[in-house]
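The values are calculated or read from the model by the stated rules, or taken from the named source; none is laboratory data. Please read all numbers here as calculations on a predicted model, not as lab measurements. Backbone-built Cβ (ideal geometry, glycine too); neighbour counts: all protein chains shown.
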Amino acid sequence: MPRRQNFTVLMIMAISAFLAITFVLSFRHQGEGIGSAEFVAANQQAVHIDDGILKGTATAAKLENATLKAELGHASWKLFHTMMAKFPDKPTEDDSAALRAYIHLFARLYPCGDCARHFQKLLEKFPPQVATRSTAAAWACHVHNEVNKKLKKTLFDCSNIGDFYDCGCAEDPVEGKGKGKKGEKDGFTPLTLDDKEGLTRGG
């Protein structure tokens, strides 16, 4: 009897080993997975975003939780203004197009549906200003103030927006770049806005 039990155990082990090897080999023939060159090549597509995608209907439902809505708003405005503060002083056409697309997609995909729809209406009335970092920051401050008016909140003094939303640029040295003119840190001029920068229409 012991021989028959040993034989049964050996058969079970052999079958298990065969199944394990077959399982591993079946995946090997499918390529190296999502990191493989074949997978990447098959799934790399040029991104062409038309106005239908950029300005399409907001996708999110209404956000009922007031606390969550407020927290999301604070975090989103911080991201939004910090992004404007980090935008190049002299952006390329691609930089400006990317920021303009981001702003429209931000509005469309914002997780609070009624907020998103309101922001999209603001974008129709006040199109994104993306010609320079200063105009982008001034535009963002103006639009934020439009939201604050609707919510009956205190308005920002846009000339101080660079101080309020610190981009952290002084702590972000770029290798090989020295100091430029006074007030410039590693080729990055401090964000200062005056009343003339507050243009709200056009590109």
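Computed quantities for the displayed model
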item: Matching entry among 99, 191 (being surrounded by 18 or more Cβ atoms within 10 Å (Cβ to Cβ) and either at pLDDT 90 or above or under 28 Å from residue 66 (Cα atoms) (or both)); result: 99
item: Among the candidates 75, 137, residue that is among the aliphatic types (A, V, I, L, M), surrounded by 12 or more Cβ atoms within 10 Å (Cβ to Cβ) and either touching a strand residue (DSSP E or B) at 6+ places or on another chain (Cβ under 9 Å) or assigned by TED's automatic domain parsing to the domain that holds residue 161 (or both); result: 137
item: Condition check for residue 116: hydrophobic (A, V, I, L, M, F, W, C) and over 14 Å from residue 55 (Cα atoms); result: no
item: Qualifying positions in region 107-122 - among the hydrophobic types (A, V, I, L, M, F, W, C) and in contact with a Leu (Cβ under 9 Å, 6 or more places away or on another chain); result: 107, 112, 115, 116
item: Test: residue 156 is in the same structural domain as residue 87 (by TED's automatic domain parsing), in a loop (DSSP other than H, G, I, E, B) and either on the phi > 0 side of the Ramachandran plot or of a type outside the set (Gly, Ala, Ser) (or both); result: yes
item: Residues located in region 78-96, provided they are surrounded by 18 or more Cβ atoms within 10 Å (Cβ to Cβ) and more than 21 Å from residue 49 (Cβ to Cβ); result: 81, 85
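Each row is one residue, and each column tells you yes or no for (1) within 24 Å of residue 150 (Cβ to Cβ); (2) touching a helix residue (DSSP H, G or I) at 6+ places or on another chain (Cβ under 6 Å).
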position: 51; (1), (2): no, no
position: 65; (1), (2): yes, no
position: 79; (1), (2): yes, no
position: 105; (1), (2): yes, no
position: 112; (1), (2): yes, yes
position: 124; (1), (2): yes, no
position: 133; (1), (2): no, no
position: 139; (1), (2): yes, no
